[in-house]
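**Student:** Below is a structure I'd like to ask you about.
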Amino acid sequence: MKFLRANAPLFPLERVRQLAREKFGLVGDAKALYSERDQNTLLREADGRAWMLKIANIDEAPEAIDCQIEALRHIERVDPGLPVPRVLLTRDGRTTGQLEAAAGRRHVVYALSFVDGQIAAERELPAGLLRRVGAIQARLGRALRGFFHPAAGSRELLWDVRMAPAYLPLLGLLPDPQREVAAQILDDGIRSVLPRLAALRAQAIHGDLHGHNLILDNGGDIAGIIDFGDMIHGALVCDLAAALGDLMAPPDRIPQVLENLVRGYNQVTALEADERALLFDLVGLRLVFTMLVNAFRLSQTPEEPNYAADAGFGGWDVLCALRALTRERFEELIDVACGLREADTAPAVAQSLLARRKRLLGSRPYLFYDRPLHAVRGDGVWILDDTGRRFLDCYNNVPIVGHCHPLVTEAIARQGRILNTNTRYLGAQVLDYAERLGAKSGGELTACAFVNSGSEANDIAWRMATAWSGAHGALAQEFAYHGITEAIDAISPSAIRIGALAAHVRTLLAPDGYRGRYRAGTPDLGVRYAEDADQAIASLAGAGLKPAAYFIDSAFMTNGILEPQPHYVAEVFRRVRAAGGLCIADEVQSGFGRMGEHFWGYQHHGVTPDIITIGKPAGNGHPLGVVITRPEILDHFVERTAFFSTFGGNNVSAAAGLAVLDVLENEDLVASATAVGAYFRAGLEALQRRHPLIGDVRSIGLAIGVELVLDRLTLEPAPRETLRLINALREEGVLTGSEGVHGNIIKMRPPLVFRREHVDIAVAAFERALTLL
Ligand code: PMP
C-alpha cells in the first residue's frame, strides 16, 4: 500500500504573502491553516473576499491537482449554483503556478475561493439538513457526469473500494473481534461486491463527502463542499456510500442519517435497483477501510496525535450498529427513502404496533408525534427507541429521579421478592412513608390515604371534601386537568371533547400575565385575578350550591405553565374557605421539587392547603397515589365509609415511594431543579431573542413553558408551528410536548436529574429545529 507521509511544506508566511501577491495579485491578511499534506494559507482581502492559497505537497502528482481544478471549473460552468470553491487564475491566466523548493524540485501552487463557515463534523445534522446534503451530493454527481480527466481514471486512490484486496495484508493490525468481522466484509466485498460494481454507472465522483468537507453557514445550512482531492472515476453510488459511512456516526443516528440522506439524494438522482442492492455492502467496506487506514497510519506514525484520535473514530462502533440494524432493515429504510414502500415512513415494526394498538386499545390512539416513538428502554434523562437511538427526555415528569433509577428499581425488586400485600395487614413501610410525606408537608398535614394514581387521589380528596363540607359545588381553573374518574373528569375542563361543563362546576380565570385578562404590568395582578373567585362562588350560589372544594395545580401546567402571581392563590383560598370549601393542592404536576426551591408547588404561593394529592412522580413510574390531609378530615371521611384500596400503599409501592424520597434527598435534586431550571430558561431566552416565533418563556424550576406566537404584538397563537416544532425536535432526538388552550405552548418537565449538559443539547436542538421550521 502506498502511504504518503504527512510532510506538508512549511514556507515562511512572508514568502507565502509574496507568492500570493506576485502570482495571484492577492494582497491581504494571511493566516496559516492546518493541513496534513499541503501548506494552506487563508488570505483575506480588504474587501472581505477570502482565498485559500495552496502550496501542494512535493509528492503530489501535478495531474491529480489539475484534475481537481478542472473539475471545479467544469462545475462552475454546468451548475454555477453549486456551492464549491472557485478557481482563481494566476495573473498570467493559468490555473496553477510553481514554487521552487530545495534540490530543484517544484511545488504546484494554486488558489481557491475560501468557503467561510463551520465544519459539519462538529454537529449532529438534523433531518432537513441531511436531506439537503443528500440533494447537494446528487447535484454534484450530475454536474460531474460530463467531466473527463485522464488522472481521474488512472490514479490509485486508497479510498477506492476497488482497492479492497490491497487491504487484506493490513487485517493483522486489528484486534479481535474487529479483525474477524473486517476480514469477512473484505472477503465478501472482493468475491461478490466488486464484480457487481463494475456493471454500475460510473463517472468522475467527489468521493469524500464527510463532516470535515462539508461547511455550514451561521444559520446551520450548507455553505459549501470542499476538498476534491479524492476525486476518482468510479461507480456513482460510491459517492453516496462514502458519505453514509462517514456521516452515520454516532451509531444511534444510523436510521435517521440513512433515511434522510438517501431521500435527499434520490429526489435529485433516482438510485437504480443494482445500486440500492449494493449500498449496505459498500457502506460496510467504507467503514472497514476507515478502520484499517487509521490502524495503518497509527502503526506507521504513532507520534501523530490525530491518527491516534482517529483510530477510535467512526469505523467499529458504527459497523457494529450497522450489523445490528441488519441488512433487511437497512434496505427497508432505503426503500422508504426512495418512495418505494408505503408513503408513511413509520418503520414496519412501529406500523404494526400502531395497527394492533388501534385494534386492541381503541380507534383513536392518543400518541405523541407524527412518527410515534417506539420506546424500549429508559436510562436517566434518556429514552431509547427500538433502533437504539437515544432521545433526551425533556417531557416526562413521572420519572422524577430519572428513568429506571437503580435505587428505585432495586427497592421495587427487593420488596417484590419479600412480600407484597395490602394495608389490611400491619406493616411498617407504608407508615414510614406516610411519616416522611407528612414531615415534608409540615404542620398539620400528616394523615395519608393511599391509592394508585393521581385521578384516584383527587377522587378521594373530592369525596373527603364533600363529606367534610356537606357541599357539592366544585371550583377549578379554566382548562384545568385533574384526572379521569367520573367526579374528577367533571372538574377537568381541558378534557372535555364534547358537551359543556357540569352544572356543579365553575371555573376561575387562569392567572396568565402574558395573554390573560390582566397582563404583566397590571397593579395587584394576583389580587385582580383572585376576584374572579367571587363571581364563581356567586354563580354557584345562584344555582343553590356551595363550594365543597377548589382544586389547584400550583404549576398551572395545562394553562401553559404560569409563574406564581403574588397573592393570587392566598386570595382565592381565603374566598373559598370563607364560602365553606376546602382547598385541594393537586401536586401531581408541581410536587416533589418540580418547581425547584421547595418540595411542594403550593409553597411557592405561600399557602397551606387542606388536602394534598399526589400521583405521577411519587413512585417514579410505579403506580402510587396519595392523599395527605389533616387527621380530622381523614377521620371524618373514614368514619362514614369503609375506605380501602387493594393496591394502595402495598409493600412494593411503599418501598418505591421511600426510595424516590431517598434519591431526591441524596442527590439534592430540588436544589438542582432550581439551578438547572434557571440555566435552561436563560438558554431559551437567548433563543427568544433570535426567533420571533417565541413569544414568551416561562419557568419555575424544571417546569418550563415556551409560548409560540405568530405576532408578538397581537399574540396570535402558533399551534401549527408548535406541532411542527415538537415533531422536528423529536427528529432531533429531543422529546417535548404541547400544552395550553390554544395548543401553542411547548411543555417541558424533564426528570430532575437533568443537568446543564442536557440543557445544552436541548437548546442546540431547539436552535436547529427553529431555524429549519
Ligand atoms: N392531576 C394533574 C394535575 C395531572 O396532571 C394528572 C395527570 N396528567 C392527574 C391529576 C391525573 O393523574 P393520573 O393520570 O395518575 O390519574
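**Student:** Residues that are charged (D, E, K, R): find the helices (runs of 4 or more DSSP H) completely inside segment 111-186 holding 2 or more of those.
**Tutor:** It comes to 127-144.
**Student:** Taking the stated definitions as given, is residue 48 small (Gly, Ala, Ser) and within 20 Å of residue 20 (Cα to Cα)? Even if it seems obvious, please write down each step before you answer.
**Tutor:** Working: small (Gly, Ala, Ser): yes; within 20 Å of residue 20 (Cα to Cα): yes.
It is true that residue 48 is small (Gly, Ala, Ser) and within 20 Å of residue 20 (Cα to Cα).
**Student:** Give all pairs with beta carbons closer than 7 Å in which a residue from segment 471-499 that is over 17 Å from residue 583 (Cβ atoms) meets a residue that is more than 10 Å from the ligand (Cβ to nearest atom) and of a type in the set (Ser, Thr, Tyr); count only pairs at least 6 apart in sequence or on separate chains.
**Tutor:** Filtered contacts from segment 471-499: 478/507; 493/507.
**Student:** Further, regarding this structure: Does any residue of segment 399-414 turn out to be away from the ligand (no atom under 16 Å from the Cβ) and of a type in the set (Ser, Thr, Tyr)?
**Tutor:** First pass over segment 399-414, keeping only residues away from the ligand (no atom under 16 Å from the Cβ): 401-414.
Still in the running and of a type in the set (Ser, Thr, Tyr): 409.
Yes, segment 399-414 contains at least one residue that is away from the ligand (no atom under 16 Å from the Cβ) and of a type in the set (Ser, Thr, Tyr).
**Student:** May I ask you to list the residues in segment 474-486 that are within 12 Å of the ligand (Cβ to nearest atom) and in contact with a Pro (Cβ under 9 Å, 6 or more places away or on another chain)?
**Tutor:** Residues of segment 474-486 that are within 12 Å of the ligand (Cβ to nearest atom), as a first pass: 476-477, 479-485.
Listed by number, the residues that qualify are 476, 477, 479, 480, 481.
**Student:** Right, next: Of the conditions (1) of a type in the set (S, T, N, Q); (2) surrounded by fewer than 24 Cβ atoms within 10 Å (Cβ to Cβ); (3) within 16 Å of the ligand (Cβ to nearest atom), residue 651 clears all except one; give me its number.
**Tutor:** (3)
**Student:** OK, next. Tell me, which residue of segment 258-307 that is surrounded by fewer than 22 Cβ atoms within 10 Å (Cβ to Cβ), β-branched (Val, Ile, Thr) and part of a helix (DSSP H, G or I) is modelled with the highest pLDDT?
**Tutor:** So, considering only residues that are surrounded by fewer than 22 Cβ atoms within 10 Å (Cβ to Cβ), β-branched (Val, Ile, Thr) and part of a helix (DSSP H, G or I), the one modelled with the highest pLDDT is 268.
**Student:** Now for a different question. With respect to residue 405, determine if the residue is of a type outside the set (Ser, Thr, Tyr) and farther than 30 Å from residue 257 by Cβ.
**Tutor:** Yes: the conditions hold for residue 405.
**Student:** Right, another one. Output the residues belonging to segment 682-719 that are in a strand (DSSP E or B) and among the polar types (S, T, N, Q). If you could, list the steps in order and put the result at the bottom.
**Tutor:** Taking segment 682-719 as the starting set, the residues that turn out to be in a strand (DSSP E or B) are 694-700, 703-709, 717.
Scanning segment 682-719 gives a single hit, 699.
**Student:** Next question. Checking residue 662 against (1) within 29 Å of residue 367 (Cβ to Cβ); (2) of a type in the set (Asp, Glu); (3) not in a strand (DSSP E or B): exactly one of these is not met. Which one?
**Tutor:** (1)
**Student:** Out of all the residues in segment 82-95, which are without any contact (Cβ under 8 Å) to a residue 40 or more places away in the chain and either within 18 Å of residue 146 (Cα to Cα) or not in a loop (DSSP other than H, G, I, E, B) (or both)?
**Tutor:** 87
**Student:** Filter segment 495-542 for residues that are closer than 30 Å to residue 699 by Cβ and of a type in the set (Ser, Thr, Tyr); which is surrounded by the most Cβ atoms within 10 Å (Cβ to Cβ)?
**Tutor:** Of everything passing the filter in segment 495-542, 529 is surrounded by the most Cβ atoms within 10 Å (Cβ to Cβ).
**Student:** Identify the residue in segment 58-81 that is surrounded by fewer than 17 Cβ atoms within 10 Å (Cβ to Cβ) and in contact (Cβ under 8 Å) with a residue 60 or more places away in the chain and, among all such residues, is farthest from residue 143 (Cα to Cα).
**Tutor:** 61
**Student:** So which of 579, 555, 570, 548 is more than 10 Å from the ligand (Cβ to nearest atom), among the small types (Gly, Ala, Ser) and buried (at least 24 other Cβ atoms within 10 Å of the Cβ)?
**Tutor:** Values: 579 fails: buried (at least 24 other Cβ atoms within 10 Å of the Cβ); 555 fails: more than 10 Å from the ligand (Cβ to nearest atom); 570 fails: buried (at least 24 other Cβ atoms within 10 Å of the Cβ).
Just a single option satisfies the conditions, and that option is 548.
**Student:** I've got another one for you. When you go through 489, 534 one by one, which is the residue that is of a type in the set (D, E, K, R) and more than 16 Å from the ligand (Cβ to nearest atom)?
**Tutor:** When all the criteria are applied, what remains is 534.
**Student:** I'd like the full set of residues that are small (Gly, Ala, Ser), touching a Gly at 6+ places or on another chain (Cβ under 7 Å) and over 12 Å from residue 125 (Cα atoms), limited to segment 239-263. Steps first, answer last, please.
**Tutor:** In the first step, residues of segment 239-263 are kept if they are small (Gly, Ala, Ser); the result is 241-243, 245, 249.
Filter once more, so that each one left must be touching a Gly at 6+ places or on another chain (Cβ under 7 Å): 242, 249.
The answer is 242, and nothing else.
Residues checked against (1) under 20 Å from residue 557 (Cα atoms); (2) not basic (Lys, Arg):
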residue	(1), (2)
423	no, yes
426	no, yes
440	no, no
452	no, yes
456	yes, yes
472	no, yes
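**Student:** Considering only segment 396-454, state which residues are modelled with pLDDT of 95 or more and of a type in the set (S, T, N, Q).
**Tutor:** 396, 397, 409, 415, 420, 421, 422, 423, 429, 446, 452, 453
**Student:** Taking the conditions exactly as written (over 19 Å from residue 406 (Cα atoms) and surrounded by fewer than 20 Cβ atoms within 10 Å (Cβ to Cβ)), does residue 717 satisfy them or not?
**Tutor:** Working: over 19 Å from residue 406 (Cα atoms): yes; surrounded by fewer than 20 Cβ atoms within 10 Å (Cβ to Cβ): no.
No, not satisfied.
**Student:** Still on this model: What's the total number of residues in segment 625-659 that are of a type in the set (D, E, K, R) and in a loop (DSSP other than H, G, I, E, B)? Outline the logic, then answer.
**Tutor:** Residues of segment 625-659 that are of a type in the set (D, E, K, R), as a first pass: 630, 632, 635, 639-640.
Restricting the remaining residues to those that are in a loop (DSSP other than H, G, I, E, B) gives 630, 639-640.
Qualifying residue count for the region: 3.
**Student:** What residue, of 638, 627, 660, is modelled with pLDDT of 95 or more and within 33 Å of the chain's Cα centre (by Cα)?
**Tutor:** On the way: 638 fails: within 33 Å of the chain's Cα centre (by Cα); 627 fails: within 33 Å of the chain's Cα centre (by Cα).
Answer to the selection: 660.
**Student:** Also: Can you name every residue in segment 597-619 that is more than 13 Å from the ligand (Cβ to nearest atom) and either more than 18 Å from residue 439 (Cα to Cα) or part of a helix (DSSP H, G or I) (or both)?
**Tutor:** 603, 604, 605
**Student:** OK, next. Test residue 227 against the criterion of being in a helix (DSSP H, G or I) and either surrounded by fewer than 22 Cβ atoms within 10 Å (Cβ to Cβ) or at pLDDT below 90 (or both), and give yes or no. Working first, answer last.
**Tutor:** Numbers: in a helix (DSSP H, G or I): no; either surrounded by fewer than 22 Cβ atoms within 10 Å (Cβ to Cβ) or at pLDDT below 90 (or both): yes.
No, not satisfied.
**Student:** Would you confirm, using the coordinates I've provided, whether residue 674 is at pLDDT 95 or above, more than 16 Å from the ligand (Cβ to nearest atom) and assigned to a loop (DSSP other than H, G, I, E, B)?
**Tutor:** Numbers: at pLDDT 95 or above: yes; more than 16 Å from the ligand (Cβ to nearest atom): yes; assigned to a loop (DSSP other than H, G, I, E, B): no.
When the stated conditions are applied, residue 674 does not pass them.
**Student:** Related question: Within segment 435-473, track down each residue that is within 14 Å of the ligand (Cβ to nearest atom) and among the aliphatic types (A, V, I, L, M). Let's see the steps before the verdict.
**Tutor:** First, the residues of segment 435-473 that are within 14 Å of the ligand (Cβ to nearest atom): 450-462.
451, 457, 460, 461, listed by residue number.
**Student:** Taking the condition of a type in the set (D, E, K, R) and either in contact with a Ser or Thr (Cβ under 8 Å, 6 or more places away or on another chain) or at pLDDT 95 or above (or both), does residue 70 pass? Give the steps one after another, and end with the answer.
**Tutor:** Details: of a type in the set (D, E, K, R): yes; either in contact with a Ser or Thr (Cβ under 8 Å, 6 or more places away or on another chain) or at pLDDT 95 or above (or both): yes.
Yes; evaluated as a whole, the condition is true for this residue.
**Student:** Looking at (1) out of contact with any Gly (no Cβ under 9 Å at 6 or more places or on another chain); (2) not in a strand (DSSP E or B), can you tell me which one residue 98 breaks?
**Tutor:** (2)
**Student:** Go through segment 12-34 and give me each residue that's assigned to a loop (DSSP other than H, G, I, E, B) and surrounded by fewer than 18 Cβ atoms within 10 Å (Cβ to Cβ). Write out each step before concluding.
**Tutor:** At the first step, the residues of segment 12-34 found to be assigned to a loop (DSSP other than H, G, I, E, B) are 12, 25-27, 34.
12, 25, 27, 34 - these are the residues of segment 12-34 that are assigned to a loop (DSSP other than H, G, I, E, B) and surrounded by fewer than 18 Cβ atoms within 10 Å (Cβ to Cβ).
The values are calculated or read from the model by the stated rules, or taken from the named source; none is laboratory data. Quick caveat: nothing in here was measured; it's all calculated off a predicted structure. With ideal geometry, Cβ positions are generated from the backbone for all residues, glycine too; neighbour counts draw on all protein chains shown.
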